[in-house]
Every structure is written in C-alpha cells, then in structure tokens.
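A quick write-up on the structure given underneath.
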Amino acid sequence: MASLTVENYVKTIYLIASREVPDRIVATGELAQALNVSPGTVTGMLKTLSEAGLASYTPYEGVRLSPQGERLALKVLRRHRLLELFLVQTLQMHWDEVHEEAEHLEHAVSESLIDRIDAYLNHPSVDPHGDPIPKADGSLDLPSGRPLNDLAASERFRVARVVDQDPSFLRYLTDCGLDLGAEGMVVENRSESGAMVVQVCDHPIALGREAAGKVIVTSLS
C-alpha cells in the first residue's frame, strides 16, 4: 500500500502534467511549489518514486509518471473527487469547503467503500467543480470545454468546470453567480486591458482575464 506522501506526489505530478501537454515532464521546481516543500525534499522523493517504478526521474530535467504511477494517481483522484461529491450531496457542504476535507479522507478510505459511494451516487462523471471522475477500471473521460477568456463578445456559455479550487476563488465565483452550470454571455473581452465583462442573470460582471481563464465553459447556440 502506498504511503500518504507517495500518493500526494503521484497525484500532484499527474495534475501538473495534465494541465498542458499530455505526458510532459514536470520540473522539480514546479512540483516543490505545488506541494509547498523544498526542492531538495522533492529530489529525494522523486528518487524514491523512481526506485519504486512509479516514475522516471532525470536530474535537472524533471519527472514523468510511469504507467504504474499514473494508475495510482488516478485511483487517488477517483477517491478525492467522489468524496467531494459525496460531501456536497449528502452533507450539503458547499463546493468551497470540500477540497480540504477530501484531501484528508482520500488516504483513509478503502477501495470497496469508494466503490459503494460511487454506486450510491449513481456513478457520476464529474465532481462538484466539474473535474472528471476516473472510473473503477482507471479510465478517464475528459470533458469538452474551453477557458472563458477564449470567448468573444456575444458568445453564450455554460460553466462546466473550475480548475482553481482555492476556497476564496470559489466563493468569489459564487458571489459573481458563476457556479457550475451557470449560463451567461460575454459582453466584452479586451486582451489589451486584461479584463472582460460577462452577463449572468441580466447582471454585468467584470472579470480579470486571468481569473476567467480558470473557468472552463461550453458554448451555447
């Protein structure tokens, strides 16, 4: 059984690598920043992962998960995202409250309990933030969508996913009316000013383009 630290490392490596080019090498520095530890600590752990066959580590370049490491990362993500949804649907916790709770619980629950939670929730495809939930067989269906800041004026959209799960950012989106499933229209998108305006429920909302880039939407005809 993998330790809590090993699970956190492979999950974080997977998440960083999946943001951009699939299967890309993750630099030691960005992993250290994501885990809030020193680069030296990361280097030592990456050697351990490499020796365990969970990753391939190259000094001064970075790390890439092995197929075994990717399977473990997807198992941890499955636990985490199902737990988040379970907390929202059964305990009525808000989407800005569940990430930290799931971080602790994901290492303690058994696979059989997770499978029962999955069945109880009727095998959901996404968590409360719109992130895809890996299936029991390890497969993952990536949802469609594009960042809100890619849309032009007059385009209509539905919020499908939020990739930044910082509680303060999620509360900000709630205050703006941009919860998961919310529909709206782009009024302005000015790259030169770094800002855009969207309309949700007939209310105009000013957003920074950087913040809007963390909101993944699907287009509405």
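The values are calculated or read from the model by the stated rules, or taken from the named source; none is laboratory data. All values reported here derive from a predicted model rather than from experimental measurement. Backbone-built Cβ (ideal geometry, glycine too); neighbour counts: all protein chains shown. All accessible areas refer to the heavy atoms of the entire protein, side chains included, with ligands and DNA or RNA removed. Shrake-Rupley method; radii C 1.70, N 1.55, O 1.52, S 1.80 Å.
Rounded to the nearest 10 degrees, the angle from helix 4-19 to the longest Cα principal axis of the chain is 40 degrees.
Which value at 222 nm does the chain reach when only helices count, each DSSP H run of 4 or more adding -39,500 (n - 2.57), with the total divided by all residues and rounded to the nearest 500 deg cm²/dmol?
Per the formula, -13000 deg cm²/dmol.
For segment 76-120, the residues whose amide N sits under 20 Å from a probe point set 7 Å from the Cα of residue 52 along the beta carbon direction are 76-81, 103-112. Neighbours of residue 187 by Cβ distance under 13 Å: Lys/Arg scored +1, Asp/Glu scored -1, total -1.
Using equal-weight Cα scatterers in the Debye expression, the normalised intensity of segment 169-221 in log10 at q = 0.25 Å⁻¹ is -1.09.
Arrange the residues 65, 173 by how much accessible surface each exposes, largest first, with a 1.4 angstrom probe.
Ranked from most to least accessible, the order is 65, 173.
So which aspartates and glutamates can residue 11 reach, going by Cα to Cα under 12 Å and dropping same-chain residues fewer than 8 places off? The reachable aspartates and glutamates, counting only those whose Cα sits under 12 Å from residue 11, are 70, 103, 106. Overall, the accessible surface of the chain at a probe of 1.4 angstrom is composed of carbon and sulfur to the extent of 51 percent. Overall size of segment 1-52 from C-alpha positions, given as principal axis extents largest first: 27, 24, 17 Å. Projecting the Cα atoms of 208, 138, 187 onto the charge dipole of segment 93-221 (Cβ charges, centred on the Cα centre) puts 187 farthest toward the positive pole.
Net charge dipole, segment 90-189: roughly 400 debye, given to the nearest 20, about the Cα centre with Cβ charges of +1 for Lys and Arg and -1 for Asp and Glu. Every Cα-Cα pair of the chain was included, and the share exceeding 31 Å stands at 28 percent.
Heavy atoms of the protein chains alone define the surface here; on that basis the chain has 53 Å² accessible area per residue at 1.4 Å probe size. The chymotrypsin sites (Phe, Trp or Tyr not before Pro) found in segment 48-91 that occupy coil by DSSP, while having at most 13 further C-beta atoms within 10 Å, are 60. Charged neighbours of residue 153, selected by a Cβ distance under 15 Å, balance to -1 (K, R count +1; D, E count -1).
To one decimal place, what Kirkwood hydrodynamic radius in Å is obtained for segment 118-221 from all pairs of distinct Cα atoms?
Evaluated on segment 118-221, it is 14.4 Å.
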